[in-house]
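Only the coordinates and a few stated rules stand behind these numbers; no lab work does. Just so it is clear, the model here is predicted, and its values are computed rather than measured. Here the Cβ is made from the backbone with ideal geometry for all residues, glycine too, and neighbour counts use every protein chain on show.
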């Protein structure tokens, strides 16, 4: 019987090629999106799921509550471990410190490796919490003594090439010229996906031989550094409430006087291991591929769901519309003894076959989609994941669900046919379902319309963000960063000096990052007005005396500091207002308390954006390079070019790089165009825009194909009516209008429904931006017109053909 | 085999009620060949649908093999139908998407006959109907007469006790029509009960008894043999 069902299903698919094509396209698009997005969900949700007792492993993190909001730090104070390690709720507590060495040497083989990644100074409990497999060395006494290091197999083979793993034990690695360590163990790299990415584990006591010695000894309660990480493994019967209350006690006991005065609160939190992968508040250890985002996954799931739903709607619409064509077969089958259940089984089988065909096509398409959506797809995700049993089960469940969603209703409609009526050709069932089909068509076009409006408005906002004046010059300026391992100021000054000989360069300035960047440096400053104290956070920007000139930042009053090392401040308008100076001129000569010292304000600049337009302009001060004896703030050489014509740019960059090679012969030049850096603020928005473009295109495609199917069906049914009308004198336009009208009304209703939904969604999205574009009326009007135009083209393709047909042909068949 | 007593069937619209069968009573014995005649709208097809358990009467009694079946639910009717009744329609009612073989095979599938046995039975009946050489053709590739022969083959493949034929020659020319009637006679002679609705006096003469109807009632009954 099943074979018979599939046979007839296949013949039906072949017989109704256009409808089958429309159904398969719709379902294939929906399924492809679902497959890829499903894989992403599987990929992201299977991070760190292999650790022994992983559900009992937590990272302790620190939240700060202030009047200005909540701030999050993935680290803890160095003092915390000592205060909690005896707590009976913990099976193990392990602290480690992330510190990237400048270099590591295998002197015996004369090998040097610069800036090794994923190096931590870990205490002896690290390997009690994370269950690594030791392939050489001892894990019982691991990391007990200073100057020991344990390597992953991958790292060990890199540092000691062509050496047996067992022979590496006892060998020496030297970090930063002076820290000698002995390799005491080698562990397997984790096989599963993990955010615990570390490769080198230096024993914690070795930290005392580094620049961090003071910090490690002092263990200051009021210093929280995200490099200082603390993990715990809870006992099976641990009391979470008691841990929380202990954390609260510790935070209160050790609260800073200033924090109490300004109402700041510190909260230690337990972050589950599985949360690390997603929680953007605390971040991950390897940012190469960015952090997974639950909200992005959620949005993607919605997109897949909508596309799948659109495909299912096409299926329902076309199958119920076509139902009358199947009526005879149903009548005969019922007469010959088929039960309703058997008929439903048959139709569900047909649907399943179509879904299977779509699924096979989707699998092929998914490979391609993974490349197209590389911006969204994690780098480690590959097509191979389809082999995972749980993914296979997931795919089967999805296919069954789609079959039920698409096939169940048409199966009910079809199997319900009255045998006597269908055999007498007294049918009305297809027409009775017109109301439902209209509703589903409106639903489809509502989704497509919401996507169109959202695409236009997101595009408009991105345009606004990119074209809005940042308050400083962004074009034809390039920032060249000195090598990370290079601490000396002399070399960067030498570099700047040498650059002056390049004629294409207009001006040069040394400083920290450009005026707007992803990084921020914040400190607190105070102003005393009589007995009243104004206290607030200030953004710090470091630059030399030419910095303002180069970026063309307007000086409203005063001047720039006299030289690069004098302790004077140039504040912005926002700071001037925050600290309640009446006017820019009023601020000049007044002081602000900074690091226990009153510093004079010598200049006030106009406001400019310090980061993306998501944030407001904050109080800011520009400062020189006071601590250059100890370290320098000047990391970058900002170069303003005379012209940014492609030819000039190419020449200038070549010369700039040549000079760089002269000064830093061993390093690659790291450079960034300021306008590109600004554009990068909106990477996320551009991603959303790309996603929306695709979703819009695909939803229009599926909806219009569905509409075309319905139009073909309706027009074919009305072919005699068209003939009669033509004979009676109706014009081509009149007939086309008659045929198009009922469909265009549906699209227009969809527009009315979609507009407030789209407005609400976009308005919500825009709340993330301090500066936003208007939700203009014309966007809605344009998108409505565009949708109606699309629909009209699709409908007319068929209706004009029908209206043009010779009425004699259609009437002769009577 | 069949006994109907005071059988009634009404069709209602919002404003009008039409009487299709008006207290109709008659019986059919096993092995009989009965023709039902009458003008269009007299209730012939309605009667056939009720006898074929495709439709419910609104009143009266319908006994099949001595058992009252008028109150049967869909499942029981379907069971009874597929094991006991074969249908032949004026418009053949073959499924366009299935081949000749598959169309004839269909009733056997629904009665749960195993594939090997199905093949044997279908081939035997196609041979008998002299349509074997067309077994892999689709209905639209056959002539009207051939299509009706397939329809008859399908109706008898399950060895039903009763065949209901609704104007079986209505769409055929006289040669093809006579061939189909010959087939029905053969079946009847082999023991199958046949009830045939027809407008054709010529076809009706093949039967044992002609029941004439008007306005849902039996008006005359002629016994021919």
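Brief remarks on what is shown
- Nearest 10 degrees, 0 to 90: helix A:389-415 Cα axis against chain A principal axis: 30 degrees
- Among beta bridges from DSSP that stay inside chain B, the antiparallel ones total about 55%.
- Averaged over the residues of peptide B:109-115, the number of Cβ atoms from other protein chains lying within 10 Å of each residue's Cβ is 3.
- Length-normalised contact order of chain A in % [C-alpha pairs under 8 Å, at least 6 apart]: 15 percent
- Computed from Cα atoms alone, the Kirkwood hydrodynamic radius reported for region A:679-756 is 15.6 Å.
- Take each residue in B:89-98, count the other chain C-beta atoms within 10 Å of its C-beta, and the mean is 5.
- By average C-beta atoms within 10 angstrom, highest first, the peptides A:463-469, A:246-252: A:246-252, A:463-469
- Helix axis angle, B:100-110 relative to chain B longest principal axis, alpha carbon, degrees: 60 degrees
- Legend: ranking of residues A:771, A:58 from fewest to most surrounding C-beta atoms inside 10 Å; resulting order A:771, A:58.
- Over all Cα atoms in region A:421-578, the spread is summed up by Rg and Dmax: 30.3, 102 Å.
- Three-way shape label, region A:193-278, alpha-carbon gyration tensor, a/c 1.5: oblate
- Scattering curve values for chain B, log₁₀ I(q)/I(0), Debye with Cα scatterers, q = 0.10 Å⁻¹: -0.45
- Shape of region A:305-454, Cα gyration tensor, a/c cut at 1.5: oblate
- Computed over region A:500-658: relative contact order in percent, which uses C-alpha pairs under 8 Å that are six or more apart: 33 percent
- Evaluating kT/(6 pi eta Rh) at 10 °C and 1.306 mPa s, with the Kirkwood radius of the protein assembly as shown over Cα pairs in the Stokes-Einstein relation, gives 43 µm² s⁻¹.
- Global geometry of region A:151-249, whether rounded, prolate or oblate, following the gyration tensor of its Cα atoms and the 1.5 cut on a/c: oblate
- The protection proxy used here, the mean number of other Cβ atoms lying within 10 Å of each residue, ranks peptides B:189-202, B:152-165 as follows, highest first: B:152-165, B:189-202.
- Kirkwood hydrodynamic radius of region A:228-361, Cα pairs, Å: 21.9 Å
- Among A:564-576, A:499-511, sorting by the average number of other beta carbon atoms lying within 10 angstrom of each residue, highest first, gives A:564-576, A:499-511.
- Mean partner shielding of peptide A:322-333, defined as the number of other chain Cβ atoms within 10 Å of each residue Cβ, is 3.
- Share, in percent, of DSSP beta bridges within the protein assembly as shown that are antiparallel, nearest 5: 75 percent
- Computed with the Debye formula from one identical point scatterer per Cα of region A:486-666, without solvent, the log10 of I(q)/I(0) at q = 0.13, 0.14, 0.16 Å⁻¹ comes to -0.71, -0.80, -0.99.
- Per-residue Cβ neighbour rank within 10 angstrom, fewest leading, A:102, A:40: A:102, A:40
- Percent RCO, i.e. relative contact order, over region A:56-289, from Cα pairs under 8 Å lying at least 6 residues apart: 34 percent
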